[in-house]
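K.L.:
This is the structure I want to talk about, given as structure tokens.
The values are calculated or read from the model by the stated rules, or taken from the named source; none is laboratory data. Given the structure is predicted, the values throughout are model-derived calculations rather than measurements. Virtual Cβ from ideal backbone geometry, glycine too; neighbours counted across all protein chains shown.
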């Protein structure tokens, strides 16, 4: 294989000109992405990942390598960065202390800014803005909680919507 080419997870060849040399720096500058260059690709993260067992396309080691190689488009446009369960198994086992789950969050944040996200994300933002929660509660829920001896929960959190509005337009740049 030509050293100016890299193979993607799907086996497609990526030309060197399509690589973004600043992508790893962009990820490292994102909160949570700071330690990405500490990875030496041992594979401990992938070996211990529970998501990997059921979703073979998800491979934390490969994703980190793709970032380090500058494969920005392939990383941000593929759905695999959204598959991470953020269970922290990879982080707890990484011999280099790479915060892999945090890197996945950093990649998601970048993906959202460029408009690449699952359709559910804008819908969740709408729910958060309107109700302050992803799971709208009603009196029936609180009756069940009361019968179980649990305290009632707020049906809506009015303070969340204004906070989201203050921090930026929810779902801005989203693909609908």
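K.L.:
Just to be sure, is residue 122 surrounded by 15 or more Cβ atoms within 10 Å (Cβ to Cβ) and touching a helix residue (DSSP H, G or I) at 6+ places or on another chain (Cβ under 6 Å)?
P.N.:
Values: surrounded by 15 or more Cβ atoms within 10 Å (Cβ to Cβ): yes; touching a helix residue (DSSP H, G or I) at 6+ places or on another chain (Cβ under 6 Å): no.
For residue 122, the condition - surrounded by 15 or more Cβ atoms within 10 Å (Cβ to Cβ) and touching a helix residue (DSSP H, G or I) at 6+ places or on another chain (Cβ under 6 Å) - is not met.
K.L.:
Starting from residues that are assigned to a loop (DSSP other than H, G, I, E, B) and touching a helix residue (DSSP H, G or I) at 6+ places or on another chain (Cβ under 8 Å), keep the ones in segment 76-89 and report whichever is farthest from residue 119 (Cα to Cα). Lay out the reasoning, then the answer.
P.N.:
So in segment 76-89, the residues assigned to a loop (DSSP other than H, G, I, E, B) come out as 78, 83-88.
Right, trim to touching a helix residue (DSSP H, G or I) at 6+ places or on another chain (Cβ under 8 Å) and you get 83-88.
On the way: 83: 14, 84: 16, 85: 18, 86: 19, 87: 22, 88: 25 Å.
Going through the qualifying residues, I end up with 88.
Quick grid of which residues meet (1) in the same structural domain as residue 106 (by TED's automatic domain parsing); (2) within 16 Å of residue 105 (Cα to Cα); (3) surrounded by fewer than 21 Cβ atoms within 10 Å (Cβ to Cβ):
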| site | (1), (2), (3) |
| --- | --- |
| 40 | yes, no, yes |
| 58 | yes, yes, no |
| 67 | yes, yes, no |
| 74 | yes, no, no |
| 81 | yes, yes, no |
| 84 | yes, yes, no |
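K.L.:
I would also like to ask the following. Just give me the residues in segment 14-36 being outside any loop (DSSP other than H, G, I, E, B), farther than 21 Å from residue 79 by Cβ and modelled with pLDDT under 95, in sequence order.
P.N.:
15, 16, 17
K.L.:
Still on this structure, I have one more. Before we move on, is residue 134 modelled with pLDDT under 90, touching a helix residue (DSSP H, G or I) at 6+ places or on another chain (Cβ under 9 Å), farther than 27 Å from residue 48 by Cβ and surrounded by 13 or more Cβ atoms within 10 Å (Cβ to Cβ)? Steps first, answer last, please.
P.N.:
Numbers: modelled with pLDDT under 90: yes; touching a helix residue (DSSP H, G or I) at 6+ places or on another chain (Cβ under 9 Å): yes; farther than 27 Å from residue 48 by Cβ: yes; surrounded by 13 or more Cβ atoms within 10 Å (Cβ to Cβ): no.
Judged against the criteria, residue 134 is not a match.
K.L.:
So residue 63 ticks every box in (1) closer than 30 Å to residue 17 by Cβ; (2) outside any helix (DSSP H, G or I); (3) within 12 Å of the chain's Cα centre (by Cα) but one. Which box is left unticked?
P.N.:
With (1) closer than 30 Å to residue 17 by Cβ; (2) outside any helix (DSSP H, G or I); (3) within 12 Å of the chain's Cα centre (by Cα) applied to residue 63, the lone miss is (2).
K.L.:
Determine which single condition residue 36 fails, assuming it passes every other condition in (1) crowded, with 17+ Cβ neighbours inside 10 Å; (2) closer than 28 Å to residue 160 by Cα; (3) under 15 Å from the mean Cα position of the chain (by Cα).
P.N.:
The number of the failed condition is (2).
So that you can scan it fast, the table gives a plain yes or no per residue for (1) part of a helix (DSSP H, G or I); (2) outside the structural domain of residue 73 (by TED's automatic domain parsing); (3) within 25 Å of residue 26 (Cα to Cα):
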residue: 91; (1), (2), (3): yes, no, yes
residue: 98; (1), (2), (3): no, no, yes
residue: 103; (1), (2), (3): yes, no, yes
residue: 107; (1), (2), (3): yes, no, yes
residue: 130; (1), (2), (3): yes, yes, no
residue: 136; (1), (2), (3): no, yes, no
